[in-house]
Amino acid sequence: MKFLIVGAGFSGLVAAHRLSNAGHTCTIVDRRPHLAGNAHDSHDKAGVLIHNYGPHYFRTNSQRILDYLSAFTEWHPVDYTIKSHTEGKYWSFPINLNTFEELIGKPATTADFEAYIAKHRHNIPDPKNSEEVILSQVGTRLYELFFEGYTLKQWKLHPRELDASVCGRIPIRTNRDDRYLAEEFQALPKHGYTALLENILADSPNTSLHLNTDFNEAREKFPHDHLVFTGAIDEYFGRKYGALPYRSLRFVHESFTAEQLIPREPISGKSGFWQPAMQVNYPGKKVPYTRIVEIKHATGQQIDASTIVREFPDDWDTSKEPYYPIPTPDAAAAYKKYAALAEAETNTTFIGRLATYRYYNMDQVTGMALAASEKLIKRFA
Ligand code: FAD
Ligand code: UDP
């Protein structure tokens, strides 16, 4: 069987790998000039390995997905730790016992923090949105300090308009565990995501990749029996029910030589770095960006230079990348109409973050692509 696969991100490349190893022929196209989709990483002019489309922290609770990917990469273990910067100082974040001590300005115990929470948390048994989910855990002061402004900037929506899962995915702890993420396995592919996905492609027989190639051009050029589509579902259907809402981002890069970094050492406390952590969030309403990422902290690259990337949330239109589906009830309802059309398409399989309009992580889309490929392999056996 001949498969045409649109999108050379995790979803498309994993699907091609499984299908081609089951004896099928795969043609992959991507309109961008590189593979790996939003997980693409590369060395910039300063020689620093950067994540081109925002920081990508690999993590998973799935041994099956970890085993699958581990055939194509070694891992560089990272405890992803970040900071928040607001009211003129750095804070430990996500909220933990250190954050509480910073708030009250003196040493405290877990019992002290739990007593604070018991006194200040709002009694909301079943939080229905992103405001309620944080208020119900820590109360107004910590919600306003860290979540309200950040979320307004990021989504141009109030937290109470957003699904509880948006802010609810940030852990809140009363001990001193300050890791940003909760999953069991947290590490970066040792040589980056692009190298990992290149290895997957290299292990895919009878597979060709055509970059700078849009689906509109490819659908005629590459005859196929079945299509696997990992692009935006509303675009596939000509936006016949209107465009789904997305949020975009603008990334502003700045590189520093070793000499430029020296005067900043008192800020970072570490030489060769610009800021004290791989990511610093800026929840304040007056700062126009949401975070500054200095990925060298996480990659462990040994290089004197460093690069920081400021992330400015941006309104989306069709000339921009649709980075985030918007998790509101209205958007979910609009997506359902397209999902019904997708369901009726027998010769196309829709997988991945854009085609299912869900803010999935890399491990989740890998799992989705593995499952969809197994189904297709059985169907076309
Ligand atoms: P994509 O990576 O979006 O790949 C789809 C590809 O299809 C793109 O390359 C696109 O150019 C191509 N395409 C689309 N339409 C067409 C068309 N019509 N014709 C040709 N080509 C087309 N995940 C994590 O696990 N951890 C993180 O820390 C993390 N951080 C993130 C930070 C940001 C800022 C963003 C935006 C995402 C983050 N993610 C993170 C999510 C991660 O990027 C996705 O899970 C993953 O990239 C999804 O892979 P995909 O193949 O489904 O989609
Ligand atoms: N968030 C926040 N303050 C922060 C970090 C996150 O309010 O300091 C909220 C915000 O709404 C954000 C969501 O939590 O969109 C999820 O944060 P995460 O860091 O997981 O976002 P991503 O990396 O996916 O952009």
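Rule-based calculations on the coordinates, nothing more; no lab input. Note that the structure is a prediction, hence the values are computed from the model and not measured. Cβ: placed from backbone, ideal geometry, glycine included. Neighbour counts: every protein chain shown.
Things worth noting here:
- Couplings 3J(HN,Hα) for segment 47-57, derived from phi with the Karplus relation 6.51 cos²θ - 1.76 cosθ + 1.60 (θ = phi - 60°), are x, 8, 6, 10, 8, 5, 10, x, x, 10, 9 Hz, where x marks Gly and Pro.
- Taking label positions 7 Å along the Cα-Cβ direction at both Ala339 and Glu144, the computed distance is 3.7 nm, reported to one decimal.
- Selection of trypsin sites (Lys or Arg not before Pro), segment 1-67, meeting DSSP coil and at most 12 other Cβ within 10 Å: Lys45
- Cβ-Cβ distance of Glu259 and His43, R₀ of 25 Å, FRET efficiency by 1/(1 + (r/R0)^6): the value works out to about 0.80.
- Calculated FRET efficiency for the pair Leu211/Thr348, C-beta based, R₀ 25 Å, to 0.05: 0.70
- DSSP bridge analysis restricted to segment 1-160 gives an antiparallel fraction near 60%, rounded to the nearest 5.
- For segment 12-78, the Rg and Dmax computed from alpha carbons only, in angstrom: 14.5, 43
- Residues of the chain were split at every exposed loop site, defined as GluC sites (Glu not before Pro) in a DSSP loop with at most 12 other C-beta atoms within 10 angstrom, and the longest piece left, sites excluded, is 185-381.
- Antiparallel bridge percentage (DSSP; both residues within the chain; nearest 5): 65
- Working note: 222 nm ellipticity from helices only, DSSP H runs with n ≥ 4, each -39,500 (n - 2.57), summed and divided by the residues of the chain, gives -9500 deg cm²/dmol to the nearest 500.
- Taking amide hydrogens as placed 1.01 Å from N in the peptide plane, the amide H of Thr86 sits under 5 Å from those of Trp91, each at least 5 positions away in sequence or on another chain.
- Computed over the alpha carbons of the chain, Rg followed by Dmax gives 22.0, 68 Å.
- Taking θ as phi - 60° and the Karplus parameters 6.51, -1.76 and 1.60, the scalar couplings of segment 137-147 work out to 9, 9, x, 5, 4, 6, 4, 5, 5, 10, 10 Hz in sequence order, x denoting glycine and proline.
- Once the chain from His120 to Lys285 is taken as fully extended at 0.36 nm per residue, the excess over their C-alpha distance is 57.1 nm.
- Nearest-0.05 FRET efficiency for Gln302 and Glu74, computed from C-beta distance (R0 25 Å): 0.90
- Neighbourhood charge, 13 Å Cβ-Cβ cut-off, centred on Thr86 and excluding it, Lys, Arg +1 and Asp, Glu -1: +3
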